[in-house]
Each structure stands twice: as structure tokens, then as C-alpha cells.
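As C-alpha cells, the structure follows; a few thoughts come after it.
The values are calculated or read from the model by the stated rules, or taken from the named source; none is laboratory data. The structure presented is a predicted model; accordingly, all values stated were derived computationally and were not measured. Note that we place each Cβ from the backbone using ideal geometry, even for glycine, and neighbour counts take in every protein chain shown. When the accessible area is computed, the model is the full protein with side chains, heavy atoms only, and any ligands, DNA or RNA have been set aside. Shrake-Rupley method; radii C 1.70, N 1.55, O 1.52, S 1.80 Å.
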Amino acid sequence: MDDLQPGNGHFHIGVDIGGTFTDVVVSSSTGELHRAKGLTTHGEYGRGIVDVLELVAERELNMPLPDLLARTDSFVNGTTIVTNAVAELRGSRVGLLVTKGTHDTLRIARAPRTNDYDMHTQVPLPDLVGREAIVEVEERVDYSGRVVVPLTRERAEAALRYVVEEQGAEALAVCLLWSFQNPAHEQLIGDLARDIYPDMFLSLSCEVYPVHREYERMVTTVLNSFCGDAVADYVDGLARELRGRGLEVPFSLMQSIGGRIPAAQAKARPISLVNSGPVGGVIGAQSLGQNYALDRIITADMGGTSFDCALIDRGKVGLAHRAQLNRFLTGLSLVDISAIGAGGGSIAWVDDRGMPRVGPRSAGSIPGPACYGRGGTEPTVTDASVALGFIDPDYFLAGAMHVDRELAQQAIARHVAEPVGWSDMEAAAAIWTIVVQNMSGAVRAVSIEKGHDPREFTMVQYGGACALFSAAIARNLSIGRVIIPANASTFSAGGLSHADNRRTYVRTVNWNVLRDSPAHVRDTFTELAEEAHSDLEADGFPPQAIDITLEGDFKFLGQAFEVTKPVDVEALEPQAVYDSFVDTYEAIYGEDTAWEGFDVMLLNCRVTGIGRTEKPPLRRLSVGGGDPERARKGEREVYMPDVRRQAMLAVYSDEQLGPGARLSGPAIVEVRDTTIYVPVDAAFAVDEYANYILEV
Amino acid sequence: MSTPTHTDEILELPQAREQGFWDGVARSYIPAQPPVVPEGLALDTSKGTDVDPVTHEVIRYALMAMNFEHSALLQRLCVSPITMLTRDLQTSVLTEVGDLVFLGPNLQYFSNSHSLSIKYILERRADTVGIAPGDMFVSNDPYVGAPHQPDTALLTPVFLDDELYCWVANTLHYSDLGGSTPGSFCLDAIDAFQEPLSWPPVKLIEGGRLREDVFELFRRQSRLPGAVEMDMRAAIAGNEATQTKMLGLVGRYGAGAVKRVMRGTLDGGESLFVERLQSIPDGTWSQRGYAESALPGDDAIYTYQINLTKQGDRLIVDNRGTDPQNGSINITYAALSGAVLAAITASMTPDLAGAYGGVYRRVEFRPEPGLLNCAEYPGAVSPSGATTTEVHLHLAVCVVAKMLSCGDAAARELILGPCIPHWYCTICGGVDRAGNPWIFPNTNGMMGAIGGMPERDGVDAGGHFWIPEGVANNCEDVEAQFPLLILYRTLLNVGADGAGRHRGGLGFVEGAMSWRAGAAQVALALGDSFTKGAAPFGSNPGSVAPFIARHRTDVLERLATGEVPARVHELSGQVRPVEAKVAPFDVQEGDVWEFLYPSAGGFGDPLRRDTEAVRADVDLRLLDEPTAERVYGVVIRNGSVDAQATARARLEARSQRLGGAEPAEEVAPPPGAERVGELLFVVDGRWWCNGADLGAVSQSYKDAAVVREFPARKIAPEFEVPEYAHAMADRMVFREFVCPRTGFRIDTELARADQPPLQDIVLR
């Protein structure tokens, strides 16, 4: 049990491993936040985390790491590992067993096209599984779960041996038609596989996602196996590192759906960790919004490799159901975040038409931007920021890391300025402007293009690189106010500590409400609820900290989309369920949209178990103002790309800017691990939570 | 109507008709320009008020988003798979006179449909039944605006006070509206009287009140009144919600601002289109397509033709060369214009993302009435949603590709590959497990296939250009709802069908049987005797698509003994000949049927395909080595291309085309040569191909090319069809027009054996 147990623990730790940086936020029981940031160590994530933890323990908290870990109540990790595996399609070589006649399901992909008017942009889907490593097994189950063609042990074994021994599969996935109605055939293969290849990662669709629609179920199952070994290695490695340094509580991981899950459980369902890190930021923004009584927020998160944005409308984080990952339709529900390749490490280049472009390729942490001096020679957005004068080479990450302005300028000169025929400064300004336009486009896509007026929203921006750009993005979209949290550069890590544990269970039942008996549905809900309870208890939550919600995916017979609504398992009287669905349906879609002569189906039973965790308290400070002049640490020559003008800008240090402080642009505010650009005519203030507010 | 065969005849366009000729009663409705609106109806015809750029964009996206949301709502509320998965639906936002502002990402050949119906309502209903706030009109009349009768539009005038401000509208394909055949694709209809009733615009909702008498009548015609009831409620809810959003937008930003954005959106689309036309020379391009059998039992082959003329800053479309209307293989102006406009916008202005109204201003139609593609009443059209309209999408996208291939590099980039010439679905029906009637239009035709393009291959199972958002069913979706068992759904292999320098996307084959149900019927099945998927610029056509049905097979025994059959021909049983137009037939348990969705045509000569691309398909196990050598002349040994053997094989194939003469190598065109198509150029007013002079451009280059002709089923073994189809197949030929120097194909065509080669490119 990691959260509610009393004891002498005093800290909550959130660790967010991104493509470039690893961020740590330690929240104390008095609400103080301590943070640190380091480069992500790909391949040895555990070591990188420990390095940053040591930094925060020793430098911020003045204690050795083992002391901190011993006094830690909760340790939550958001990881990029699954996101990267899916985005780059780097994972285990999966062997896939399918029902005879369905070999091509993945390539057919229900018509693998994007929802775009433009056919010129359509390209085939990449193969998640090599076509030669997909094998059909002679078996068939029908819609009712009745076996049409039984699967023999010999055929199952032959198929397994073929994909492993002849095709070199490193992980196994099984997705048979109607396995959620009758899992016997998949289980037979599962038992054999565990017997013959006990060390091989295995996903059965009846376990990973026992839900109607074989394509989505197949993709979900395959992706789970695709990431299985990588996640297991990662979790085990990290657990070893942390235990070895004194962490007593088990650590948790953030799931795509916006709740934590114990690491051991995450290993069985690694695909639920996709987008894990960015979700922490959105949960953090939602929690921050509650303090400000803001219910419309656009989140903007710019890190090293990507720019992520999401919408919180009426206080609710939007979820995407049957979400698309990379270009694959899955059965997953996840926090709806849209990402583009625009980060500090995004590489600037010149295309065939001689036009400068930025991203989506990133220099990552190795070699990183040219100015890091680690061998990178291509210019990045960070290099442009250094060249323009926004970033003080000697105060990058509060001086923890030196950056080299010369190297930045050289890279820009060679790869952008000279090919296009511009001055170095013009080229740097162009890189800055292009990346602002790209990010503005992403914000436009989640707001204006979905019918929301950005003027009604507040932007909450975070990520180490964002504060140089957020005012310009906000201005492009006419967003009036930007909140830069005090711990902006590590905000997603901090947000991790605000999430509850969450276990989700879903199973297809296909109940025709007025025609079939509800007994099976009642049993399914009861079974899943008991499973949720016992799983959360096993995670250490006492019954009083567990909330179970039961929901059903309902629809009129034949519809392609379902309405998810709460279900009272004690009152499964068919007519009442029917009427209640009709009420909900008409409340959503309008009066008279339902017709009470048509069959209603309950497609899936959904059970969510929440284990309520203790959240770090929020600290409110007295507004003493503080004289901004005292915080002024000097001035710096900066080329402001938004107004195309070089000027000496006042530079302020956040350490002297207390709550209540105000100043106006143009100016630079240097926070320890981020730099804020306050453009001409914008106002800057520090509020009672020590967050920074930009009125643009 | 005879085909114009001389350059002069082709260039002399048909005259536009006098006002009132296209009346929507005896002939298709084509509105006057500007539309006729009785004086009693107050319209907001203002230009609107100035808006700042940010507000302009906010309003523009809000209009687009409300139209998207309208589509999304319909997908959620409808119960018919053909509507919600196939996206056989459309939503639009239109101006007060019915000019299109935004078209949704659904069925694109509904492009002109709402506009036509609204203009008809303005002209004929304002003074009679009246047009007032709270009204909604229903119409499925193909002689007014519907592509065929199942496509029923619901059209809502949006009023501000008493002034008509704009329209919102949707069309849904209703699963069954009656007629001779379950599913309402009435292949056996000799005229409109055997088809679903065509409703000219009728008021379904009056002053906000549903007219129960009209609604009852609408339900009454259907075999599935429950589904029709649910879907019509969805349509009403969709229009109501969109109207509310429109009024909200106007309330927020002002009527003038929103109107300005509507007009600006139309103007912007128009200027983009005019700009793109600038890089194309003036000329006329033609494409022919075919139907076999106008009715069950008929053994004739019929010709459709579309001619596209570019004159300065506009396009003119006509249908000369098309056979007179006949049987059930017709369409009206609504489907003809809808299909051609869809191909033009999808090829040339997809970046307008549905804001196509401005483009339509620059496309003029001058059809000849009484032909298969602009029928006069009471010509039957109900099966056209699976057949004739798709033929015209294919013709149109090919003819637009020909036009674009004569433009500059940017124009050539806009070329789309050939699409599939029919919607090769099945419609099955019967009585389900609970004793209820069911009808299932098999929406898996949505998997489709994208044709080859100038710079790349098509996409396997890649959908259709004309339904951007369509998705196919899962097998489990089908089996959960209908008493069917899907035995297999398999991609076709890469073969001679669709082979080109860039190959067409692969189609698929699906076998099914009825499962634990009472009586069932195959109500729609399309069995090709010959391929109809012609592909321009030297590629092979796409696949021929036979429909195979076997009665009283041993499938149940096989399943019982542990075997899932891989293809229908493995089974015993009696073959039912399924030709191009068959009446519905009964199926029992133990009967199995298979429909084939063809691979699309490719682009360019297969002998010019990159050898590594051929190898890549072999690696993917989509193509076997003997086929690679037979079709592409690429010899692969131990996983790699044998370059020498390949060069020999390809040279041999080219030599064969030249009757044994030694082929020359390709040469660069002289400076100033203007490219036309793939290998052809115009040099000093003459056709030029790799150094060969193919005559003056006032003549057809085909006259000077080496011509090879085969029966359509002899192109390659892939094009063979069952014996019962031979007689029909042998009346179609495939022609290769080969460069006399190199032996590479300049172009190919499918034609009825008695037709001379088509002069398909005439430059001014």
C-alpha cells in the first residue's frame, strides 16, 4: 500500500521521463515543491532517474537519497517508453495467431485511411507484425460463443512453434474471432505457450481487451506484446535501482487514461502506459484549474521533442475512446492529447523548395542541440533561442549545464542561413517564428477546429521550453491569459502526484435489454467489481478508500457508437434499464431522437475501480509584492523575432520576485529551469501560489 | 447519340439549353442561374459585414465544425450500417439560395444534391405550400436532387426573423424504401414505377410540428419501418442541432459577419480553382466506361462517356458518346453532376476540405437528355448507388487525371489514381434469429482500393476518394447483428490486375454463408464478365470481379470435421451463374457465396516499374516470383533482383509488343516539349514519343501507335472469368497503344469490340 498508510513518510515523488529530459518533483507534506531535471538516459532509464533524484535530495532537500526514499509515501512515474515504442515502431518482433480466414485483418485495417479529404496523402499502414509472422489457426467460434470448429492442441502447438522457431518471434499475441464470448481457444494456446515458452511475453486478446470488434482488439493485443519486454525490463530495472536505494513503497506508473497503476500490474498491460508522461501534465493542469476556479483550459506542453496540447472543458479532461495510436485504431481509452513534433530539440532544416522548416525530427538528448556541445551539429529550436539571446549560456538549467552560443550560431549558419541566403540572426528568428506557427496550428486544431473559441480559454503552459513561446502562441489565438506554473519545467512530473489509482475492466456482453435475461449481465458486473475490489485491496487500499463505478455501453441495435452510462446492478429490471437509456439518450441527442419501438443493446460492461490517494497539499503565500527592481539582475541584448527588433532587455531573476510582483514587457524572467519571454505590451505578475501570470 | 470522332466535332461543344428545359418533371432538374425565387419570400442576400481576420477564421472553422458535428451526430444516431459505417450520408451548410458553403467528409457524390433540391424548393414551393421558420422538407427524387431513391434528403431553411438566412441539410441512405427488391437496389426495374417512390420535396415538418401523416407514409413504403423511423429521427435531430448551432453563431458574431464568411468561403474556393486551372492547356479529354446488361437476361453492353473541356478559367462537361437510356442502368443529372464534381474537387482542391461551392461556379454541365447518364423520366435509377454512379466516379477521376497530365508538374501532382468502377457489395436479407426481417448491405466494399498515381503506388484496401471517412465492418460487427458467418476476408495478391509502373491498391475477397437462421436471400450481387476498371497511361486495368455462389455445398460437413474452407471453389455443390444483373435468389444453410472487391488500376507501364518495388511486394508475400516475372518482367532469385535476367525479360516483352522488332531505349524529349500523359509529348504541334513521330496533334496519336488488341478476359490469366460469362466477355477488348520505337505502352483502353479507339485527348 503506497499512499494512505500512516507512518513517518513525508514526501510524494513524481518522475516524468520524456524523450529528452527526466524531471523529478518532490512534494513535501507542507506543500513545498522541490524539483530537478536531467537528461534522459535512454537504455538505462533507472540510472538517469537515480541521478536526478540524488540531485533533488542532496541539493534541494539536504538529505541523502536513501533518507528521502525511506520517507516517501508515493512514487509515481510517467514514462515515454511505450509512447516511443509505438511512435517509432520499435519493439519486440511479435508472432500473431489468428482465426483461419483473418490473416489480412491488420493490413486491411477496416480501410487504412486517414479522415482527410485529400487522397493524395493516403499511404499504407506500416506492418505492426511481419506478414510472415502471422499464422492462421484452424478454429472458429460463432457470435454466441458456440464452437463451430474446435481447436486441437496439435494445431495450436504447430502454430506456436512456427512463429517462434521458424519466424523468430520474440513475443506472442493471440486474437481469435469471438474470443471474448468464449475464451477457450485462446486459453488453450495461452496454456501451451506458457508451457513451451515460459519466458516469452504473451498477450491473449480475451485478457488484454475482451471486447467486441476484432480489428481494434487485435491491434490492442499486438501492441501490448510489442511493448511487453521493453516495459518489463524498464520496470524491473527501475524497481531494482529504487529498492536498492531505500524506497520502501512500491512505485506506480501513470496510465493513458489518467490514473496510476502499480508497476507490477503495468507489466501485464504495458500498452496502458502509452502517453503516460504528458497525461501527468493534463491532470496537473486540471488540479491547478480547480484552485483558480478555471473550467476552460488549453494545456500547452513544450519539452525537448514534442509540443502537446489538450483541452479541459467545463473542468473535464477530454478522453478519446477507441483511440488511434500512431495510425492504428485501438480499443484504448485515453486522455485526448494532440502532439506535434515541435520541441526545444526539434531540428531546423531547409526543404527541396529552399524553404526553412522545423521538426518533426528531434535531436533528443543524444546528441542534443548543437549548443550542448555533445556532438550535435544540426541546429535546433534551443540553438535558435540561444542565438537570439533569449537564453543565457551560463545560466542554462540555472547554470547546471553550460551551453555554447558559438556552436548554436555555427549550426544555424551552416544548415539554414547559408542555404537560404539570410543572416544568422534572420535565420534564428525564422526558426523561432516557424515553431511558433507550428504550435499555434496545433492549438488551433484542438480548439477552433473543434468549434471552441480560444478566447474563452486560459492557457496553462509548461515543459522546459514553452515559456519563450507561449505568449506568442497565445497572441496568435487571441488567448488573453497564460499561467506559467512555478514548476513549469517539471509540471508533468508534479501532476503525477495528483492522480488516483485507477483500474479499469471491460467485457462485452451483447445484452438485448428487452429480449434476453439480465442474469449474465449481473454476473459479469459482479465478477468485474469483485475483481476491481480485490485488485485494489491487493494494491494496499483499504475498502473505505476504494470507489467502484459500474457503467454500460448502450446503444440501439445496429448503431456503431455507444452511450456510456452508469448502471445499478441491483436494479437491472429490463424495462427500467431500457427507459433509463432512452432518457439519457434523449438528454444527449435531443427530444424525440429515440424511438421506443426499437431494440436496445448493452454492448460492454465497464467497471472502474478508483483507489483514492493522498494528494500533496497546495501552498498559498502572502502577497507581499516585492520590488521588481530588486529582482533585476541585468540586461541582455536580444533579437525579438515577433517584432523583428534587436534591443537590450531587462533580465529578472525569479528568486527575488515574490508573490504580488508585477512588471511589463519587453523583458526576460529567468526561472531556475526555464526562461520566460515577456513580449512588448504584455504584463507579467507573480500570484499567491507563486505561479507566473502573463496577460498578453 | 453518336460519338464525335473528329477533332472538330469534339471541339464543338453542345449548346446550353433554354430556361425551363430542365424541369425536374419530364427531365432532370437543372436550376436557372441565378435561381428563380418568388418575390414573396424574403431572403438575406446581403454581402455581410467586415470581420477581422481572427474572427473570420473562428467563424469559418465554426461553420465547418458544425457541419462535421452534424455528420458525427448522424453516425451516432443512425441504426443502418450503410449510413453510419460507410458514411453513405452527407451534411451541408448552404447559403440562402442553396449555394454550397461546406460539404461534409462523407459521400462526395452528394456534392450537388442539396443545392439542387433547395433551388427546386425555392422555385416551386415558396408560392405554393410556403417556406417558413420551423419547416423541413424531405425529398428523394432523382429527377430533382437525389442520386437514387434511397438517398433521402432533409432540408431545413434557417430563418432570422422572417428572412431566410441560410440552409442546413442532410442526406441519409435509408436501408430500404421499397421497390421490387429488398434494399431498394432494383436491378430488375424496367422503369421508375418498379422502384421506391420518388418524393419531390414534401414538407415533413411544418412550423416546428412533425406531420405524422407524411412520416407515416414515409415509413409505410419500407420493409424495415423501424430502422427507417430511427434514421429519420436521426436526420431531424441532426438538422435541429445544426440549426441551433447556426443561430448561436449568428447570435454571437452577428448575421452580417457570418454571412460575410460564407460568401468569402465561396469566393476563396473559386479563386483557388481558377488559379489551378491556369497551369493546364485548353482542350477536351474523354473517357468511356461500360455496363453489361441493362436488366437481368439482357446480354448487351452499354457505353457511358464523359467529355471534359477546359476553356480558360472554367470547365464544361458533356456526355456525348453515351448510349440512350435503358433498363435500370441509368442516372439523372443529380448523380452525374455529383460524381463529376466530386472527382474534380477531390483531385484539384482537396485542400478546401469541403468548401467546394466556389469551385462549382466554374464547372458548367451541358448534358444531352435521354442518355444513360442523364435519363428522362421514368428511367429507372435505383441500383445506380452500386453501379452507374460508381462508373461515373471512375470515368470522372480518370478524365480529370488525363486533363491534369497535360498540365505542369504541380498539376500532375494532383492526379488521383483510378477508383473502383462499381460498389461491389452484396445485399442480403431474410428473417433473423428472433423472427424479424433483416437487410444487410455489406458495407465492406468500403475497404476499397486506391489506384496507382504518378509518383507512388495505390493503397491496399485503401478506401475510396469519394468517401473520405468511410470505414469497413469488423466480421464481428456483421455476425453480431445478422445471421451470417464470414468464412474468410482475404486480400488479393499482386498480379496482372492493377499492374503498372505504380501498381493499384489491392482489393479483397470475402466468403460468407447464412448461419443459424431461417430463410435468407441475396438481394444484390454484381458479377463482372469483364473488368470495368480501366486505368490511363499504360497500366493494366484493375481486377475483374466475379461473384461466385454455390448451393448445397459440403461446408457444414467440413466445419464439423474441423476445417474452415479457404475459398468457395474448394467446396462441392452446384454453381449458380451470377451475371452482371441478376434477380434476387434464395440461399439456404450450406450455400456459400463469395464476392470479390477488385484491385484498382495502376499508373504507367508495368515494364517500367522499379524492380526493387517488385521485390518489396515479393518480400511482403503479396507477390510470388513467377508472377513477378510474368507481369513485370522482373526476375527474382534468392530474394534479390537478377538485373541481367530482368533486363533480358523486359526487352523480350517489349519486343513481343513490337511484333519481334528490337526495341530502342528511351530518349529525353527535346527542349520545349510539352508533356501529355506519361510518355507522350507535343513537339512543334506534333505527337512525340521517345523519338517516334505520332502525327499532328489535330489527329489522334493512337492512329500512329502500334496497336495490340485482346479479348478482355485474355489480358492475363487474372482476367479470366467463369465459362457462363465468356460470351459477354469476348465482346469487350483491351487495346495497348505502344510506342513504335521502345515498345513501352503509351496508353491502354477497354472498348466494345465494335468501337474504334477513342480520341481521348484533343488540345486546342
Could you please find all residues in the range A:111-141 being open to solvent by less than 20 Å² (accessible area, probe 1.4 Å), at the interface with another protein chain (Cβ under 7 Å from one of its Cβ atoms) and modelled with pLDDT of 90 or more? A:140
Do we have any residue at all in the range B:57-76 that's touching a Phe, Trp or Tyr at 6+ places or on another chain (Cβ under 6 Å) and within 30 Å of residue A:597 (Cα to Cα)? yes
Within the range B:72-94, work out how many residues are at negative phi, more than 9 Å from every other protein chain (Cβ to nearest Cβ) and in a loop (DSSP other than H, G, I, E, B). 2
Sort out which residues of the range A:189-238 are among the hydrophobic types (A, V, I, L, M, F, W, C), within 14 Å of another protein chain (Cβ to nearest Cβ) and farther than 19 Å from residue A:83 by Cα, and write them in order of number. A:206, A:211
Do you know which of the residues in the range B:39-58 that are modelled with pLDDT under 95 and open to solvent by less than 30 Å² (accessible area, probe 1.4 Å) is farthest from the other protein chains (Cβ to nearest Cβ)? B:48
Given (1) out of contact with any Pro (no Cβ under 6 Å at 6 or more places or on another chain); (2) within 30 Å of residue B:65 (Cβ to Cβ); (3) touching a residue at least 24 places away in the same chain (Cβ under 8 Å), identify the lone condition not met by residue A:453. (3)
Test: residue B:476 is under 30 Å from residue B:84 (Cβ atoms) and in contact with a His (Cβ under 6 Å, 6 or more places away or on another chain): yes
Kindly list the number of the only condition in (1) more than 18 Å from residue A:636 (Cβ to Cβ); (2) in a helix (DSSP H, G or I); (3) open to solvent by less than 50 Å² (accessible area, probe 1.4 Å) that fails for residue A:401. (2)
Exactly one of (1) open to solvent by 10 Å² or more (accessible area, probe 1.4 Å); (2) within 14 Å of the chain's Cα centre (by Cα) is unmet by residue A:268. Its number? (2)
Restricted to the range B:411-420, and to residues that are open to solvent by 10 Å² or more (accessible area, probe 1.4 Å) and outside any loop (DSSP other than H, G, I, E, B), which residue is farthest from the other protein chains (Cβ to nearest Cβ)? B:412
The listed residue being in contact (Cβ under 8 Å) with a residue 60 or more places away in the chain, under 29 Å from the mean Cα position of the chain (by Cα) and surrounded by fewer than 23 Cβ atoms within 10 Å (Cβ to Cβ), out of B:238, B:268, B:178: B:268
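Does residue B:655 satisfy the condition of being of a type in the set (S, T, N, Q) and open to solvent by less than 30 Å² (accessible area, probe 1.4 Å)?
Values: of a type in the set (S, T, N, Q): yes; open to solvent by less than 30 Å² (accessible area, probe 1.4 Å): yes.
The answer is yes for residue B:655.
When you look at residue A:482, is it at negative phi, in a strand (DSSP E or B) and within 24 Å of the chain's Cα centre (by Cα), yes or no?
Yes, satisfied.
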Restricting to the range A:86-110, name every residue that is under 12 Å from residue B:491 (Cβ atoms), at the interface with another protein chain (Cβ under 8 Å from one of its Cβ atoms), open to solvent by less than 30 Å² (accessible area, probe 1.4 Å) and outside any loop (DSSP other than H, G, I, E, B). A:105, A:108
Positions within the range A:579-611 being touching a strand residue (DSSP E or B) at 6+ places or on another chain (Cβ under 7 Å) and part of a loop (DSSP other than H, G, I, E, B), in sequence order: A:598, A:599
Within the range A:521-572, how many residues are more than 14 Å from every other protein chain (Cβ to nearest Cβ) and open to solvent by 50 Å² or more (accessible area, probe 1.4 Å)? 20
Scan the range A:628-655 for residues that are open to solvent by 30 Å² or more (accessible area, probe 1.4 Å), assigned to a strand (DSSP E or B) and in contact (Cβ under 8 Å) with a residue 40 or more places away in the chain and jot them down. A:636, A:637, A:639, A:646
Given (1) within 29 Å of residue A:458 (Cα to Cα); (2) part of a loop (DSSP other than H, G, I, E, B); (3) open to solvent by less than 10 Å² (accessible area, probe 1.4 Å), index of the condition residue A:322 fails: (3)
Hits in the range A:614-627 - residues which are surrounded by 13 or more Cβ atoms within 10 Å (Cβ to Cβ) and over 37 Å from the mean Cα position of the chain (by Cα): A:626
Conditions (1) loosely packed, with under 14 Cβ neighbours inside 10 Å; (2) in contact (Cβ under 8 Å) with a residue 40 or more places away in the chain; (3) within 12 Å of another protein chain (Cβ to nearest Cβ); number of the one not met by residue A:575: (3)
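Conditions (1) among the charged types (D, E, K, R); (2) buried (at least 20 other Cβ atoms within 10 Å of the Cβ), marked per residue:
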| residue | (1), (2) |
| --- | --- |
| B:372 | no, yes |
| B:383 | no, yes |
| B:387 | no, yes |
| B:391 | no, yes |
| B:402 | yes, yes |
| B:409 | no, no |
Can you tell me which residues in the range A:347-371 are outside any loop (DSSP other than H, G, I, E, B), under 17 Å from residue A:407 (Cβ atoms) and out of contact with any helix residue (DSSP H, G or I) (no Cβ under 8 Å at 6 or more places or on another chain)? A:347
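Within the range B:337-357, which residues are away from chain A (no Cβ under 14 Å), in contact (Cβ under 8 Å) with a residue 60 or more places away in the chain and over 19 Å from residue B:271 (Cβ atoms)?
Those that are away from chain A (no Cβ under 14 Å), in contact (Cβ under 8 Å) with a residue 60 or more places away in the chain and over 19 Å from residue B:271 (Cβ atoms): B:337, B:338, B:339.
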Report the residue count in the range B:84-102 for those that are of a type in the set (Lys, Arg) and at pLDDT 95 or above. 0
Scanning the range B:665-691 residue by residue, the ones that are open to solvent by less than 70 Å² (accessible area, probe 1.4 Å) and within 17 Å of residue B:538 (Cβ to Cβ) total 11
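Looking at the structure I just gave you, is residue A:550 modelled with pLDDT of 95 or more and touching a strand residue (DSSP E or B) at 6+ places or on another chain (Cβ under 8 Å)? Spell out how you get there, then give the answer.
Values: modelled with pLDDT of 95 or more: yes; touching a strand residue (DSSP E or B) at 6+ places or on another chain (Cβ under 8 Å): yes.
Against the criterion (modelled with pLDDT of 95 or more and touching a strand residue (DSSP E or B) at 6+ places or on another chain (Cβ under 8 Å)), residue A:550 qualifies.
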Out of (1) open to solvent by 10 Å² or more (accessible area, probe 1.4 Å); (2) more than 27 Å from residue B:255 (Cβ to Cβ), the odd one out for residue B:189 is which? (1)
Going through the range B:459-490 one residue at a time, which ones are out of contact with any strand residue (DSSP E or B) (no Cβ under 7 Å at 6 or more places or on another chain) and more than 7 Å from chain A (Cβ to nearest Cβ)? B:466, B:467, B:473
